[in-house]
Amino acid sequence: MARILITGSTEGIGRAAAVSLLDDGHDIVVHARNDGRLEVLDELVSRGARPIVGDLADPDQVGDLGDQAAGMGPLDAVIHNAGVIDGAALLPVNVVAPYLLTESVRATRLIYLSSSMHRGGRPDVGDADWSGGSKTVSYSDSKLLVTVLMAAVARRRPDVVSHAVDPGWVPTRMGGPSASDDLALGHVTQAWLATTNDLSALVSGGYWHHQRRQTPHPAVNDEAFQDELLAALAEHTGVTLTP
């Protein structure tokens, strides 16, 4: 049995991952943005999932989330599932929050939600407004940056298995009703990476789609850009990613 935190688990593929992992007997920590969303998790909590609450757009609440998660005991895996598709919160939610939680919530496996759209992102942090005061990046940019974060963690923490996943364009609230991929498959790779002993999944630094490694944007494995991203995040947050 593994203990696994899933951010953004009130709906969509985050909730599907929680249900699947609960079905398999794992100890799941689920996350809601605020107290008003907690009741959505009642069914999962009745099955043994434990909830934590905090808005990933607010760094102070992200810090509190880290404390709540730490109070649950050692974690085996974190699935950084939560994300937004547009607006000024793109960087705070899609990149800054996973960065802060990577430092504050230690686990042996880390899975970051990416997207095939990351290939259209710009490898540039020069004008990024990390605070979310204004929108300075696209969704594609944010997904490129979180995928670069995954690779930086894989390089800097050799004792951790770090991966990114493209779940496909699935018909969730974020993906919309026109999405063409199978919703039933959207969570499968993340849940598998969090628990499997398959040797291919234990080699860190992969970008995955439907349980197969894919080739990401070239910037993902650019160590100089990884370091540039980490330096920018450390300067903004005051938190340095430790080995």
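The values are calculated or read from the model by the stated rules, or taken from the named source; none is laboratory data. Bear in mind the structure is a predicted one, so any value in this text is a computation, not a measurement. Neighbour counts run over all protein chains shown; Cβ positions are idealised from the backbone, glycine included. Remember, those area values only see protein heavy atoms, side chains included, never the ligands or the DNA or RNA. Shrake-Rupley method; radii C 1.70, N 1.55, O 1.52, S 1.80 Å.
Per residue of the chain, the DSSP helices (runs of n ≥ 4 H) give a summed -39500 (n - 2.57) that works out to -10000 deg cm²/dmol at 222 nm.
Which of the three applies to the stretch 1-81, rounded, prolate or oblate, going by the alpha-carbon gyration tensor with a ≥ b ≥ c and a/c under 1.5 meaning rounded? Oblate shape, in that a/c is at least 1.5 and b/c is the bigger or equal ratio. Here the Karplus curve 6.51 cos²θ - 1.76 cosθ + 1.60, taken at θ = phi - 60°, turns the phi angles of the stretch 59-66 into couplings of x, 5, 5, 4, x, 5, 4, x Hz, with x standing for Gly and Pro.
Of all DSSP-defined beta bridges confined to the chain, some 10% are antiparallel rather than parallel. Residue by residue, the stretch 204-214 carries 3J(HN,Hα) couplings of 5, x, x, 10, 10, 9, 6, 6, 10, 5, 10 Hz when phi is fed to the Karplus relation 6.51 cos²θ - 1.76 cosθ + 1.60 (θ = phi - 60°); x denotes Gly or Pro. Of the options (i) 19.2; (ii) 17.5; (iii) 17.0, only one is Kirkwood radius over Cα pairs in Å as computed from these coordinates, and that is (ii). Anisotropy class assigned to the stretch 77-157 is prolate, per the alpha carbon gyration tensor with a/c at or over the 1.5 cut-off and a/b larger than b/c. Rounded if a/c is under 1.5, else prolate if a/b is larger than b/c, else oblate: which is the stretch 25-66, with a ≥ b ≥ c the root eigenvalues of its Cα gyration tensor? It comes out oblate by the Cα gyration axes.
Protein heavy-atom accessible surface, 1.4 Å probe, per residue over the chain: 42 Å². With θ taken as phi - 60° and the Karplus curve 6.51 cos²θ - 1.76 cosθ + 1.60 applied, the whole-hertz 3J(HN,Hα) list for the stretch 233-242 is 5, 5, 5, 5, 8, x, 10, 9, 5, 8 Hz, x standing for glycine and proline. The distance separating the Cα centre of the stretch 76-143 from that of the stretch 1-61 comes to 19 Å.
Amide H contacts for Val29 (H built 1.01 Å from N in the peptide plane; partners 5 or more residues away or on another chain; cut-off under 5 Å): Ile4, Leu5, Ile6, Arg50.
Remark on Gln214: its backbone amide H falls under 5 Å from those of Tyr207, Trp208, His209, a criterion applied only to residues 5 or more positions apart or on other chains, H modelled at 1.01 Å from N. Each Lys or Arg adds one and each Asp or Glu subtracts one; over the other residues with Cβ under 15 Å from the Cβ of Gly121, this totals -3. Quantify, in whole percent, the carbon and sulfur part of the accessible surface of the chain (1.4 Å probe; protein heavy atoms only). Carbon with sulfur: 51 percent of the solvent-accessible area. Model label sites at Leu202 and Asp35, defined 7 Å from Cα along the beta-carbon direction, differ in position by 4.5 nm.
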